[in-house]
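Scroll down for the structure; my scribbles are underneath it.
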Amino acid sequence: MADEVQTPESDDDGTRRREFLYLATLGVGAVGAAAFAWPIIDSMNPAADVLALSSIEVDLSPIQEGQSVTVKWRGKPVFIRRRTSDEIAAARAVKAGDLVDPQPDEERVQQPEWLILVGVCTHLGCIPLGQKSGEPTGDFGGWFCPCHGSHYDTSGRIRKGPAPKNLDVPNYVFLDDSTVRIG
Amino acid sequence: MRMKVLVIAAAFLAGISSAQASGEKIELPQIDWSWKGPFSGFDKAQLQRGLQVYTEVCATCHSLGLVAYRDLADLGYGEEEIKAYAGNYEVQDGPDDEGEMYTRPAIPSDRFVAPFPNENAARASNNGAYPPDLSLMVKARKDGTNYLYAMMIGYADEAPEDIQLMEGMNYHKYFAGHQIAMPQPLSDGVVEYTDGTEATLDQQAKDVTAFLAWAAEPELEERKSLGIKVLLFLFVLFVMAVAVKKAVWRDIKH
Amino acid sequence: MATKTEFNNPVVRWVDERLPVFTYLDHEYNQFPMPKNLNYWWNFGALASVVLVLMIVTGIMLAMQYTAHVSMAFESVERIMRDVNYGWLLRYIHMNGASMFFIVVYIHVFRGLYFGSYKAPRELLWMLGVVIILLMMATAFLGYVLPWGQMSFWGATVITNLFSAIPFVGDWIVTWLWGGFSVDNPTLNRFFALHYLMPFILFAVVGLHVVAVHITGSNNPTGVDVQSPRDTVSFHPYFTAKDSVGLVLFLFVFAAFVFFAPNYFGEPDNYIKANPLQTPPHIVPEWYFLPFYAILRAVPDNFIGAWMGFTLINAKLAGVIAMFGATIVLFFLPWLDTSKVRSARYRPVYKWFFWVFLADCLLLGYIGSQPAEGAFIWIGRAATAYYFAHFLIVFPVLGWFETPKPLPTSISEPVLKENS
């Protein structure tokens, strides 16, 4: 850029000063353009109203032992299952080392009775079956994803099929014995 | 030539801004609002008092449908306070498992609950007049802040003799046509401020105007503070660009 | 391409040998010879293209958040203002950007009028510019409807109703435009689709406009053709530097409005949701349409163009024709102006008429903002009459009667004289 403005009589010092001025101006302009890119990118992030809905409170009192409910959280289904003692026992009998994604059941629940999972298959995002009575629950008594045949056990862990990981456990806290806040 | 153009352009812009008024010219009282300057923002204590006036007086008839309870964090309220405030209102939700709609207490993510379920219900309760939503009132009127303030203080006990008030209407100094369906909403001591401020008519009118100015432009403070930075940046860049231009052109005779 | 540019970077060279985009850029934006006497009024073309890009970028982001449905459009715009991250910034840039676009383009046009940039060989360049203005107007009108406020709705109603003035098929056309029997959801939906489409057409025509100016080269304040390399400097760095000065100054003004007076150009009524049962007491278009609005209303109500007992046109149609004619007449300007001299610097009489015309346009703008009553009606009619007389009488006649000042023999001549 500086070459074209150089004239025979210009001294080296002046040239270097101008060279610096051009680069500095270009740099400051580039910083401004980059700063303007941020609001544009950030506008696509979740908006305030979307974030405000990102936690929900669920009343657990109507759920009987052995029943499941599905609630919507961040646009996805969350499976809440009140497990029977048999199911808990089955989940805890498995050795963690035998699993595709090793994780003991104790780490996946806060209270053994209540299993709370994001109901999205970790393979390609389908919703596994097994919430309603009569639906297939797979070979391990938990959930079965019809898309590509992934089987989950009574702790929501992947046991068979293409899915690489266990069903996600969302963040949740028990506000009292019968209310849980997810998110 | 340049000066001439600037003068004409300035006159033109001035012409546009004064062009909207029509009919009788009503002079609104001009208040020196705290958030009007380029560096200034809202007074949180005043916004909280304004919310109290809105809640206890305006909300009986006027909705504020574009504002959510969670937005009250801007006024300096904490999560629990907002939850408690929202919990005072019932919203319809549903359907439940039996297919019935039900009501539940509002939560922070809900928008302000309207006093009437729909416009017809609002008209039916207000002699046929529709109390408009207040979310954008400050932006939806010319000189909106002073207008709102004037609406609060402009009632007179007796209409001038040349004005024939219609049934159920009230005389108002500043309202277009001087007849307004809304009865005087505020007078001295209508609310009792929790912060001990004396609740004169003037004070309440200013506070609720401030609150509604915030409701219309919740981005105002962020906008101005970012604006100062942007203008400073552009000023620096301008000085540099002028220096570059001079350096580039210094040997060209033109 | 006359000569190929040699590039050192092997990737650039590989691409350039197969598709000479880099050679093109080098020729058109690096080496391109520009008259060296261009003043700052020549910044505005570059400014306009920057605004166009800004409008497209912010517009695409807004479209991701906007809902084109009558029951949700107004609320979705307010959601952008309140909940979307920096939504208020994008929306205020887009909203004020429309005004900035027109300010910049109107200055660009008046610069062309003053210095005779429309004359041979730049007729087609000028006509493409008129197409750009028409597309901008259509795009701005469509976009103004989208927030679905009171002015959006009633503006759409009034403007679409203009088409009912067309004889025989007018009512059918209006129903067709609406997709119903009033401005309603189908109208809003198609306006959104068209508002998204138009800027890209606009962009393409701007591309042609730029190609055309690179064929003829820029006009310059003397209006005298470039004669030797002595008269020119390369586009880069001379005009990149000069345009940057204007650009940053312009962005400063733009930002001042966006951050500190974002609703200055707007109408308070548009913050009231559209109500098909109630028209606002005083509806006015956005400021950039005001001169045209004044021309539309200038035709007397009792105007009847009758010929042998047939009613050819009524007042409404005549108003519509006048309004569109005000822009269409610009297409013919290169041939209406009979003077051989381009720049008003050497046209002592035209110079005065130029300022009269500018004042006339501003006056029309003022009249357009006022209610059509009393003296305003007559001033509006006189200003409209002058508007057309300026093109149809002043331009052709001046060329025959005016004695131009002696032209410099070259662009460099006045400079050399001053400096010697």
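Since every read-out is calculated from the coordinates, none of them should be taken as a lab result. These numbers come from a predicted model, not from an experiment. Cβ coordinates were reconstructed from backbone atoms using ideal geometry, including for glycine residues, and neighbour counts include every protein chain displayed.
Beyond 26 Å, what share of the Cα-Cα pairs of the stretch A:49-183 is found? Please give it as a whole percent.
17 percent
Along the Cα-to-Cβ line of B:Val236, 7 Å from the Cα, sits a label point; which residues in the stretch C:238-258 have backbone N less than 16 Å from it?
Flagged as within label range: C:252.
With a cap of 11 neighbouring Cβ atoms within 10 Å, and only residues DSSP puts in a loop, list the trypsin sites (Lys or Arg not before Pro) found in the stretch A:130-183.
A:Lys132
Let me know the mean shielding of C:242-253 by other chains, meaning the per-residue number of their Cβ atoms within 10 Å of its Cβ.
Going residue by residue through C:242-253 and averaging, the value is 6.
List A:Leu129, C:Leu125, C:Leu19 from most exposed to least, where exposure is judged by having the fewest other Cβ atoms within 10 Å.
C:Leu19, A:Leu129, C:Leu125
Does anyone have the angle between helix C:348-369 and the longest principal axis of chain C? Alpha-carbon axes, 0 to 90°, nearest 10?
30 degrees
Please give the helix C:87-115 orientation as an angle from the longest Cα principal axis of chain C, in degrees from 0 to 90, rounded to the nearest 10.
The answer is roughly 60 degrees.
Please report, to one decimal in angstroms, the Kirkwood hydrodynamic radius of chain B built from all distinct Cα-Cα pairs.
One decimal place: 21.9 Å for the Kirkwood radius.
Non-local amide H neighbours of A:Tyr172 (under 5 Å, H modeled in plane, Pro and chain starts lacking H): which ones?
Amide H to amide H, under 5 Å and 5 or more residues apart or across chains, A:Tyr172 pairs with A:Gly183.
Each label point is 7 Å from the Cα along the Cα-to-Cβ direction; what then is the distance between the points at A:Lys132 and C:Gln227, in nm?
Going by the 7 Å Cα→Cβ label model, 9.0 nm.
With no solvent and one equal point scatterer placed on each C-alpha of the stretch C:98-177, evaluate the Debye formula and give log10 I(q)/I(0) for q = 0.18, 0.24 Å⁻¹, two decimals.
The calculated log intensity ratios at q = 0.18, 0.24 Å⁻¹ are -0.87, -1.06.
Could you quote the convex hull projected area for the stretch C:21-142, Cα atoms only and averaged over all directions, in nm²?
Its average projected convex-hull area is 10.0 nm².
Please list the non-local residues whose amide H lies under 5 Å from the amide H of B:Ala68, H modeled 1.01 Å from N, same-chain partners needing a gap of 5 or more.
Here the answer is B:Phe112, since their amide H atoms fall under 5 Å of that of B:Ala68.
Can you tally the net charge around A:Leu23? Count Lys and Arg as +1, Asp and Glu as -1, for every other residue whose Cβ sits under 13 Å from the Cβ of A:Leu23.
Every neighbour counted, the sum reads +2.
With θ set to phi - 60° and the Karplus curve 6.51 cos²θ - 1.76 cosθ + 1.60, what are the ³J(HN,Hα) couplings of the stretch C:324-329 in order, to the nearest whole Hz, using x for Gly and Pro?
Going residue by residue, I get 5, x, 4, 8, 4, 4 Hz, with x marking Gly and Pro.
At R0 = 41 Å, how high is the FRET efficiency between B:Asp157 and C:Asn263 if r is their beta carbon distance? Nearest 0.05 is fine.
0.70
Let me check against my output: what whole-number percent is the relative contact order of chain C, with C-alpha pairs under 8 Å and at least 6 apart?
Result for chain C is 22 percent.
What FRET efficiency comes out for B:Lys229 versus A:Lys95 if R0 is 60 angstrom and r is the Cβ-Cβ distance? Round to the nearest 0.05.
For R0 = 60 Å, the calculated efficiency reads 0.50.
Under 12 Å Cα-Cα from B:Lys83, which aspartates and glutamates qualify once same-chain neighbours fewer than 8 residues away are excluded?
Cross-link targets: B:Asp71, B:Asp110.
Which is farthest toward the positive dipole end of the stretch A:136-183 among A:Pro146, A:Asn171, A:Gly183, measuring Cα position about the Cα centre, with Cβ charges +1 (Lys, Arg) and -1 (Asp, Glu)?
Result: A:Pro146, furthest along the dipole toward the positive end.
Using DSSP loop states and a limit of at most 12 other Cβ atoms within 10 Å to flag GluC sites (Glu not before Pro), what is the longest stretch of chain C containing no flagged site?
Segment C:7-372 is the longest.
Hey, what do the phi angles of the stretch C:33-43 turn into as Karplus ³J(HN,Hα) couplings, whole Hz, using 6.51/-1.76/1.60 and θ = phi - 60°, x for Gly and Pro?
In residue order, the calculated couplings are x, 10, x, 7, 9, 4, 9, 5, 5, 7, 6 Hz.
What list of ³J(HN,Hα) couplings, whole Hz, do you get for the stretch B:179-189 from phi and the Karplus terms 6.51, -1.76, 1.60, once you set θ to phi - 60° and write x for glycine and proline?
10, 10, 6, 5, x, 3, x, 10, 8, 3, x
Based on the alpha-carbon gyration tensor of the stretch C:322-380, what equivalent-ellipsoid semi-axes (square roots of 5 times the eigenvalues) come out, in whole Å, largest first?
Taking √(5λ) for each eigenvalue gives 28, 15, 8 Å, largest first.
With angles folded into 0 to 90 degrees, how steeply does helix C:150-161 sit against the dominant principal axis of chain C? Use alpha carbons for both and round to 10.
Once rounded, the angle reads 80 degrees.
Quick one: in the stretch C:285-403, what % of C-alpha pairs are over 17 Å apart?
Everything past 17 Å amounts to 60 percent.
How far is it, in nm, from the label point at A:Phe20 to the one at A:Ser178 when both lie 7 Å from their Cα along the line to the Cβ?
Inter-label distance under the simple model: 7.6 nm.
Calculate, in nm to one decimal, what C:Thr409 and C:Thr338 gain on full extension: separation in residues at 0.36 nm each, minus their alpha carbon distance.
My answer for the length gained is 23.4 nm.
Taking the Cα-to-Cβ direction at C:Ser182 and at C:Glu28 and moving 7 Å from each Cα, how far apart do the two end points lie in nm?
For C:Ser182 paired with C:Glu28, the spin-label model returns 4.9 nm.
Would you mind working out the magnitude of the charge dipole of chain C relative to its Cα centre, with +1 at each Lys and Arg C-beta and -1 at each Asp and Glu C-beta, to the nearest 20 Debye?
With only Lys, Arg, Asp and Glu charged at Cβ, the dipole is about 640 debye.
What does the extension gain come out to for C:Val210 and C:Leu19, with contour length at 0.36 nm per residue minus their alpha carbon separation?
Roughly 66.8 nm would be gained on extension.
Please work out, to two decimal places, the log10 of the ratio I(q)/I(0) at q = 0.08, 0.10, 0.12 Å⁻¹ from a Debye calculation in which every Cα of chain C carries one identical scatterer.
Normalising to I(0) and taking log10 leaves -0.53, -0.82, -1.12.
Pairs of lysines 8 or more apart, or on different chains, with alpha carbons under 29 Å: count those in chain C, would you?
22
Hey, what did chain B get for relative contact order, percent, Cα under 8 Å, at least 6 apart?
22 percent
Among the complete DSSP H segments of chain B, which ones combine at least 20 Å of alpha-carbon extent along their axis with a mean Kyte-Doolittle hydropathy of -1.0 or more?
B:2-17, B:201-216, B:220-249
Taking the Cα centroid of the stretch C:345-406 and of the stretch C:135-156, what is the distance between the two, rounded to the nearest whole Å?
Taking the Cα centre of each part, the stretch C:345-406 and the stretch C:135-156 sit 29 Å apart.
In 20 Å bins starting at 0, how do the alpha-carbon pair distances of the protein assembly as shown split up by percent?
Percent of pairs per bin, in order: 12, 35, 32, 18, 4, 0.
Can you give the FRET efficiency to the nearest 0.05 for B:Glu90 and C:Thr67, using r as the Cβ-Cβ distance and R₀ = 30 Å?
In this case the efficiency is close to 0.65.
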